[in-house]
1. Lys/Arg Cβ at +1, Asp/Glu Cβ at -1, dipole of region 2-162 taken about the Cα centre: which of 97, 116, 45 is farthest positive-ward?
2. Can you bin region 77-144 into rounded, prolate or oblate? Criterion: square roots of the alpha carbon gyration tensor eigenvalues sorted a ≥ b ≥ c, rounded for a/c under 1.5, prolate for a/b above b/c, oblate for the rest.
3. In debye to the nearest 20, how big a dipole does region 2-162 give about its Cα centre with +1 on each Lys and Arg Cβ and -1 on each Asp and Glu Cβ?
Amino acid sequence: MKLHQVCESQSGYVIGFDIYTGKDYDPNPDNDDLRNQGQCFNIVHGLLSQNELLNKGHAIYMDNYYSSPTLYHTLHAANTMACGTVRLNRRGVPQALKMKLKMGEVICRQHGSLLALKWRDKREVSMLSTMHHGTVSMSTKTKIIKPTCIFDYNANMVSRNKHNFSYSHLCY
């Protein structure tokens, strides 16, 4: 069984959830226009629309299970910003992000409101964001320079780390 939930990022409180119920599972039953976008797309869009979180200017943080350029463009059109890690094999991820980087290197690509970024520290991290630009910041503790979107992602996904959930979830 798999449970998907949307949580408030600072407290970790659950706003809404949906339970995967097998192959006929439809997380977004009210929207035929978005039916062919894929299950992860439908999970996110369904949870946000069912809980009336779209078109309110919220910022959504999600892990790579859910992230895709198509989802981020759709959320941005619904006045909802998004930031999260991304799998490089997702449709629409720029080819430039697939090249190997050396430690400390950053590569960014911008398409309209969507930033696609890859950074390497100990390992490579790939991100998508509709609320960031390709800027970097320095951490106050470790003095490491890294992309600002990674700092924000880590700060807002704290509820994921506080709770030992065995399922995927979204934070806003």
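1. 97
2. Oblate, because a/c is 1.5 or more while a/b does not exceed b/c.
3. 1100 debye
Values quoted throughout were computed directly from the atomic coordinates according to the rules given, and no laboratory measurement underlies them. Predicted, not measured: the structure shown is a model, and the values here were computed from it. Quick reminder, even Gly has a Cβ in these numbers, built from the backbone with ideal geometry, and neighbours come from all protein chains shown.
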